[in-house]
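Presented below is the structure to which this report refers.
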Amino acid sequence: MAPRKRELLLLRHGIAEERVEGADDAQRALTPEGRERTIAQLRQLVDLDLGCDLVLSSPLVRARQTAELAVQAGLAPELELAAALAPLADPLPLLERWLGAVSPRPAWRRLALVGHEPDLSTLAALLIGVPMALAPEALQLKKAGVVLLQWPKPPQAGLLGSARLELLLPPRVLLGRRQMPPSGG
């Protein structure tokens with residue numbers, strides 16, 4: 001039997017409330033515009049046949065809300081919260097568990113991870129082999145943008161550099177809007 005192809009769909013949370021000095025960052029919610037745009041982008045992902053077996057989400061409110069919208073849009077049947085996807089946490093042990101021989105759900109084909117910047121784009125860069133010193137600048141995920149990574153066969157010698165970049169979709173592509181160049185000068 002051929003090894004199962006695995007994919008990760010990294011999804012940044014949608015547009016959230018602005019940071020407020022003294023307020024708890026973890027409680028920042030999606031704005032009404034953020035919810036609306038995120039729903040439209042998630043529907044596009046479903047239309048592109050990028051459905052997932054499960055959504056793993058950062059526990060922060062804005063990410064959890066994005067993950068809940070993903071389930072409502074039909075991108076995945078359910079979600080689980082994962083502290084490893086919170087800002088500044090280390091998601092590699094989580095991924096090693098899911099991609100390893102003793103995965104929590106051995107039959108999965110595509111997982112969605114909902115999290116934050118710069119963590120998700122740095123993670124994607126490291127997984128495709130960008131050196132650590134360059135990883136934070138190699139990719140950039142806009143709010144509700146996605147990266148699709150693929151492992152045609154199980155990683156053998158660690159996760160770093162083991163994935164292939166399949167897609168990088170900014171919100172303007174998912175929403176079908178052209179970004180106009182700045183005028184003047």
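By the equivalent-ellipsoid construction on the alpha carbon gyration tensor, the chain comes out with semi-axes of 26, 19, 18 Å, ordered largest to smallest. Checking every one of the GluC sites (Glu not before Pro) in the range 30-130 against DSSP loop status and a limit of 11 other Cβ atoms within 10 Å picks out 78.
Compute the distance from the alpha-carbon center of the range 136-157 to that of the range 18-43, in whole Å. Spelled out, the Cα-based centre of one part sits 23 Å from the other.
What the phi angles of the range 23-37 give under the Karplus curve with 6.51, -1.76 and 1.60, with θ = phi - 60°, is a coupling list of 8, 6, 4, 5, 8, 5, 9, 5, 7, x, 5, x, 4, 4, 5 Hz, glycine and proline written as x.
Bridging of residue 5 to aspartates and glutamates at a Cα separation below 17 Å is possible for 49, 53, 96, 166, once same-chain residues fewer than 8 apart are set aside. In the assembled protein chains, residue 46 presents an accessible area of approximately 50 Å² (probe radius 1.4 Å).
Cβ-Cβ distance of residue 72 and residue 47, R₀ of 22 Å, FRET efficiency by 1/(1 + (r/R0)^6): the value works out to about 0.90. Residues 165, 111 ordered from highest to lowest accessible area at a 1.4 Å probe: 165, 111.
The values are calculated or read from the model by the stated rules, or taken from the named source; none is laboratory data. The structure presented is a predicted model; accordingly, all values stated were derived computationally and were not measured. Here Cβ is always computed from backbone atoms with ideal geometry, including for glycine, and neighbour counts include all displayed protein chains. Ligands, DNA and RNA are stripped out before the accessible areas are found, and what is left, the full protein with its side chains, is counted by its heavy atoms. Shrake-Rupley method; radii C 1.70, N 1.55, O 1.52, S 1.80 Å.
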